[in-house]
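Below is one structure; the comments refer to it alone.
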Amino acid sequence: MTDLAGDQPVETQVMKLHLNITGKLAFILVVFGAALLVGLGALAYTGSRAGLQVAATAELLSTAFEKQSALERWFTEAQIDIAAQAASPVVVEQAVILLSAAPGSPEALAVHERLIDEFQPIIGPEKAFTDLLFIEAETGEVLAATDPGEEGKFKENLSYFIQGKRELYVSEMYYSVTLGRPAMTAAAPVIAEDGRLLGVLAGRLDLDVMNTIINRRTGLRQTDDAFLTNAIGLLVTQPRFISDPGILQQTLKTEAVMRCIGGNSGVISADDYRGVTALISYRWLPERQVCLIVKIDQAEAFASSQSFGRTVTWISGLALVIAIALTIVLARIYTRPIRVLQTGVKRLGQGELDYCVAVKSNDEIGHQAAAFNEMVTSLEKQRTERKQAEEELRDSEEHLRFLVEGVRDYAIFMLDTAGRIVSWNPGAERITGYRAAEIIGQHFSYFFLADDVKRGKPEQELAIAMQEGHYQEEGWQVRKDGSQFMADVVTTALFDETGELRGFSNLTRDITERKQAEQALRHSHDLLDLTGQLSRVGGWELDVETQTLIWTEEVYRIHEVDPTTQLNVAEAINFYAPEARPAITAAIQAGIDSGTPWDLELPLITAQGQRIWVRAQGAAERQGGRTVRLYGAMQDVTERKRADEELRKNAERAAMLAEFSQNLAEVTGDSQATLDLVARRVTELIGDTTIIHLVSKDGLYLDPVANYHPDPASLEHIRELYASVRHGVNEGFAPRIFQTQQALLLPSITMEQIRATIEPRLWPLLDLHSVHSLIIAPLCSQGRITGLLSVMRTQPDNPYTPEDRDFLQDLVDRAALALSNARLFSDLQAYAAKLEQSNRDLQEFAYVASHDLQEPLRKVQAFSDRLAQKYGDALDETGRDYLKRMHDASQRMQTLLSDLLEFSRVASRAQSFTTVDLHAVVLDVISDLETRLVKTGGQVEVGELPTIEADPTQMYQLLQNLVGNALKFRHEERAPMIYVSGKTNGAECRIIVKDNGIGFDPQYLDRIFKPFQRLHNRQEYEGSGIGLAICRRIVERHSGSITATSTPREGSTFIVTLPIHQSKGDSSHV
Amino acid sequence: MFETVQPAIFLMAENDPDDRLLVKEAFQESRVVNNLHFVEDGVELLDYLRQQGKYANPENFPTPDLILLDPNMPRKDGREALEEIKADPLLRHLPVVVLTTSKTEEDILRSYDIGAASFITKPVTFEALVEAVKGLGKYGVQIVRLPSKDT
């Protein structure tokens, strides 16, 4: 049990042990316990079974006995009943009479009646008998029966009759065919007083009662059952488990029954009529010749024992399980220490030295555990000590390694005494490109330039290092790939305690980048200097503490001061123009106080007295919350300033020109208003006063048309004076301008000079005002000079500049354009007014003419009619013909006049334009021409027609004329076909009226639209020839056009073009 | 109780002698049994209606039942006369038919504006004139019954 040692791993051994202990215990217990329980259980079971058997048998027997007794009792009662009945004096008496009476006689019947009455009480359900019979002794005839069907039958062969003659008799049970069921009869002899045998009284026993007796159950059992069979095994009562009453006709041949009818009684365990094993009690009743079977299912009988058996089994099983469990638990408890120990050992094996076996018991196991713990503790201590030592060693190594390895920017390596490389670091690799493997062992002159090596530089360095202790130099070295780099090298000689040279250490730094940076800085410095010079930007610096002011060369240049001069802040500020000094002073102060930077453009006066503009910028350097240094730049921006000023002035000029143009545009076409406006605006823009002259119609004089002076009094005065003197075109400065066609600038002029130029005649004009500066500009229109505009400065010291002259010319050009436009416009207006007037006159005339002409015409017609009517008979044929011609002629005149009237009305009766649906208008026209269409068989096809802005009545007239014409000028051989359609083309629409009539020769296209122009005689076609002229007039009024095309003899197409929309102008114009 | 149909009295104000003649003939042709009187201008018309001047005698110059008026007459033209008639309470009730030569609507409207009972455009043919007159005649028959007769 304690074999811990061995080759096997501790684990499995202990496991096995563990199992063994628990297992063994459990096994033993199980075996022992099971055997015990099984044995006991079996005994108990069999015992109970036997007991049950006995009990069941006893019960059966007692039930059988009880039933038997009941049966016997019942039989006995039946017998007594029948005997009593048979012996009853009444019955005897009646029987005597019945026998002696003649059959069928009233006597007989009465007696019969009485007998039956006597019998009644003992028959029926719950009575012993079902029916009674009285059988005559001699013949065996049934003389009286409670069942009338029996009367008259003969029973002489039946046993109960034969036996019943002699004595009280109960038959066997038998199956009665007539009744259809088992039956039993009791009989008794009926003996007269004298001892004569009268007959036999037989009664059929109610076997239901018997059934009841047999089937009576206690209710305590489930499967109890009882039945009777007769001597041949015929079932007499209904067994419990057979419901079919037909079974009563059959015999039962079970073992129990067989034994029974053999005359035996007993109890067996056998299969019953169902095939179920039952405990069966069978009793033979010899007196009755019946077999009584009482049984109970075996299963039920032994039921309790079976359940008992099951219970026992369950309990045993449970007990067994509990026992096993208990065993396991106990075993585990006792093997735990071992397991703990086992775990500890295992952990130890794995190297865990901190595991403590927790076993507290005082037995062998406990002692073992304690020893184990001690061992573990000591091992642990040893290990810890060793680890510490190791770590310390590692740390120091590590530090060293880090140092050397970590440095990537420096090459650190060791040389031996001969100068060969014995160690290498990543820095060295990085800088030189050599890997440790390839360089260790080589001489360190590998890094030196070829020339240096030739000169013996490496050896020299080593020698110096040995002597001085170390050697340091900046110089070019070469990498593995051949590229050179600037290196800073320190070589140190290493001596041991004895002073012996052990080797050298070398520290090299790649300073190529640094050197390059230094160079770049120098370059940019130079560049900055140059740039400053070129852009005229200088730099300055002020040390706030020491108040030292430093200027670059450029700043000196800007100030036009000798560069060697030393200046202070105050002097520097003084260079600024007086008005600028406060600003710069404040900026500097702000810089000092709060570090605020500045960027100002200020005027400055150089040492040479030049007034220039400078841009001064400054910023502050702060340390510890105070400004320690101010620095900045300065630039000469004079040029730029001037350029800006130019630009500004130009922009201003441009704006003024634009405004001027705007003003001109707003003046509504009135020449004079335009001129006045120009004079005023020019004065406002250039000043101080303006006067405009226009060349007179005859071209000889320059007439003043407009002038302007801010002072109204002066203005008036000027006007008066100019009104009095007429300036000739060839006088004064005018000729010069006419010749050059350009503006004349006299920036400064004196009165004398003017007087010298112009005629004395004009000198009075000069009294108006003094003129100090003068510009005269020509007004040009369509290449000709139409006038002159003069501006004058009346104040001195403000001369006009060439820019002013150019500006004025621009103004004047615009003015000239506006003026010519204005003039054109007013001319146009005047002309239009005249035209309108003449049109109106014409229309009135046409109207009145045609109107008044009609009156005499009417008279002519009327009286010629009257003449024809009244005196027509008095005239001959010729006379009447003359009258007719007169009438016709005046008729024609009538038509002509009304056409003329209509023609004139196109304008006079014109309505304003409104929305007109041309399609609807055409339909109206067609409906109004209905009669003519029908008459000619004509058809009009109307296509799409647009809706346009037009005079509705006139549209109707237009279309009526066109369609009417198409009908009028039809081809005589065919029905007129007219197509009217329209198409919209953008802002216009085209209406087409096409017919298949006679057409016209296209060379007469112009003529047909003229008033009263006809292409046919009046005999051929009626009409005055004004229709198409009216059409044209209407169309023209609508700003449209009309034309036509035609093929003679085939048809014509009239094309009307009309705008969709009419302008909002005066619509009543022709 | 039968009332004899008294012929209606017509008064025509027309300056044109031809027109006067034609109308007279038309009346005769139409066999309208009416009396037709003429005046030649607006002044005469008003004198007639007021039974003044040479028209003082009502026997010769009875108050008409219907006035035919040419709007265009010298001295006082038809329009003026019509205005006066309609302004005068005694004459207002007299129906006035304006005979125009022109079909212009302006004339028509103007006529309506100042209370013409109706207008007729002077027909061109004589037949038409006769028809127009016949129409008047029917108009005239009805006039007879107007209350104006009784006052």
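Some points to look at:
- Cα→Cβ-extended label distance, 7 Å offset, between A:ASN798 and B:LEU90, nm: 8.8
- Length-normalised contact order for chain A - Cα pairs under 8 Å, 6+ apart - percent: 4
- Cα point-scatterer Debye curve for the stretch A:61-155, base-10 log of I(q)/I(0) at q = 0.13, 0.16 Å⁻¹: -0.51, -0.70
- Too-long pairs where the Cα-Cα distance tops 19 Å, listed order kept, from A:LYS884/B:LYS122; A:LYS884/A:LYS935; B:LYS24/B:LYS134; A:LYS968/A:LYS994; A:LYS859/A:LYS884; B:LYS54/B:LYS76: A:LYS884/B:LYS122; A:LYS884/A:LYS935
- Principal axis dimensions, largest first and in whole angstrom, of the stretch A:571-715 by Cα: 89, 35, 29
- Helical runs (DSSP H, four residues minimum) scored at -39500 (n - 2.57) apiece and divided by the length of chain A put the mean residue ellipticity at 222 nm at -16500 deg cm²/dmol.
- Summarising the amide proton neighbourhood of A:ASP951: residues at separation of 5 or more, or on other chains, whose placed amide H is nearer than 5 Å comprise A:THR914.
- Bins of 10 Å, starting at 0 and running to the largest distance - Cα pair percent for the stretch A:877-1022: 9, 31, 36, 17, 4, 1, 0
- The packing ranking, built from the mean of other Cβ atoms within 10 Å per residue, places the peptides A:198-207, A:518-527, A:113-122 in the order A:198-207, A:113-122, A:518-527, highest first.
- Among residues other than A:ARG932 with Cβ under 13 Å from its Cβ, the summed charge is 0 (Lys and Arg +1, Asp and Glu -1).
- Inter-label distance, nm, simple model (7 Å from Cα along the C-beta direction), A:LEU179/A:LEU449: 15.8
- Derived scalar couplings ³J(HN,Hα) [the stretch A:906-915; Karplus, 6.51 cos²θ - 1.76 cosθ + 1.60; whole Hz; x for Gly, Pro]: 3, 8, 6, 9, 4, 9, 6, 6, 8, 6
- The simple Förster model, with R0 at 22 Å and r as the Cβ-Cβ distance, assigns A:LEU1005 and A:ARG974 a FRET efficiency of 0.35.
- Relative contact order (%) - criterion: Cα under 8 Å, at least six apart; region: the stretch A:182-233: 27
- Computed over the stretch A:881-952, the ratio Rg/Rh where both radii use C-alpha atoms and Rh is Kirkwood: 1.15
- With Cα atoms as the point set, the radius of gyration and Dmax of the stretch A:294-450 evaluate to 39.8, 140 Å.
- Around the amide H of A:GLN442, modelled in the peptide plane, lie the amide H atoms of A:ILE421, all under 5 Å away and 5 or more residues distant in sequence or on another chain.
- Compactness of the stretch A:965-1012 was expressed as the Cα radius of gyration divided by 2.2 N^0.38 Å, which yields 1.40.
- ³J(HN,Hα) computed for each position of the stretch A:570-580 - Karplus, 6.51 cos²θ - 1.76 cosθ + 1.60, integer Hz, glycine/proline x: 4, 5, 4, 5, 4, 5, 5, 4, x, 6, 8
- Working from label points 7 Å from Cα in the Cα-to-Cβ sense, the A:ALA370 to A:ASP409 distance is 6.8 nm.
- Global geometry of the protein assembly as shown, whether rounded, prolate or oblate, following the gyration tensor of its Cα atoms and the 1.5 cut on a/c: oblate
- Cβ-based exposure ranking for A:TYR282, A:TYR175, A:TYR871, in which fewest neighbours within 10 Å come first: A:TYR871, A:TYR175, A:TYR282
- Annotation: amide H of A:CYS780 within the under-5 Å range of A:THR786, sequence separation 5 or more or interchain, hydrogens built in the peptide plane.
- The stretch between A:ALA655 and A:GLU287 holds 116.1 nm of extra length on full extension. This uses 0.36 nm per residue minus the Cα-Cα distance.
- R0 of 41 Å, Cβ-Cβ distance A:ARG514-A:THR565: FRET efficiency to nearest 0.05: 0.60
- Hull shadow area, averaged, the stretch A:954-1070 [alpha-carbon convex hull, nm²]: 7.5
- Kirkwood's formula applied to the C-alpha pairs of the stretch A:181-247 gives a hydrodynamic radius of 14.6 angstrom.
- Principal-axis analysis of the Cα atoms of chain A puts helix A:712-724 at an angle of about 50° to the longest axis.
- Take each residue in A:852-860, count the other chain C-beta atoms within 10 Å of its C-beta, and the mean is 4.
- For chain A, the longest principal axis of the C-alpha atoms and the axis of helix A:106-119 are separated by about 70°.
- Cα Rg, Dmax (largest Cα-Cα span) when computed across the stretch A:427-583, Å: 27.2, 84
- For A:LEU702, the shell of other residues with beta-carbons less than 11 Å away shows a net charge of -1, using +1 for Lys and Arg and -1 for Asp and Glu.
- Straight-distance crosslink candidates among lysines, where the alpha carbon sits under 19 Å from A:LYS155 and sequence neighbours closer than 8 are dropped: A:LYS165
- Averaging 1/r across all pairs of distinct Cα atoms in the stretch A:246-323 and inverting the result yields a Kirkwood radius of 14.9 Å.
- A protection proxy built from the mean count of other Cβ atoms within 10 Å ranks the segments A:1041-1047, A:135-141, most packed first, as A:135-141, A:1041-1047.
- Working from Cα pairs under 8 Å separated by at least six residues, relative contact order for the stretch A:150-189 is 39 percent.
- Protection proxy ranking for A:433-440, A:562-569, using the average of other Cβ atoms within 10 Å per residue and placing the highest first: A:433-440, A:562-569.
- Table column - 3J(HN,Hα) (Hz), the stretch A:597-603, Karplus curve with 6.51, -1.76, 1.60, x for Gly and Pro: x, 9, 8, 10, 10, 9, x
- Note on A:GLN742 and A:LEU1015: with the Förster distance fixed at 56 Å, the Cβ-Cβ geometry gives a FRET efficiency of about 0.30.
- Gyration tensor verdict on the stretch A:221-271 (Cα atoms; rounded if a/c is under 1.5, prolate if a/b is larger than b/c, oblate otherwise): oblate
- Take the Cα radius of gyration of the stretch A:687-818 and divide it by 2.2 N^0.38 Å, N being the number of residues; the result is 0.98.
- Prolate/oblate/rounded call for the stretch A:788-864, Cα gyration tensor, a/c under 1.5 rounded: prolate
Throughout, read-outs are computed from the coordinates displayed, never taken from laboratory work. This one's a predicted model, so the numbers in the text were calculated from it and none came from an experiment. Positions of Cβ are backbone-derived with ideal geometry, glycine not excepted, and every protein chain shown enters the neighbour counts.
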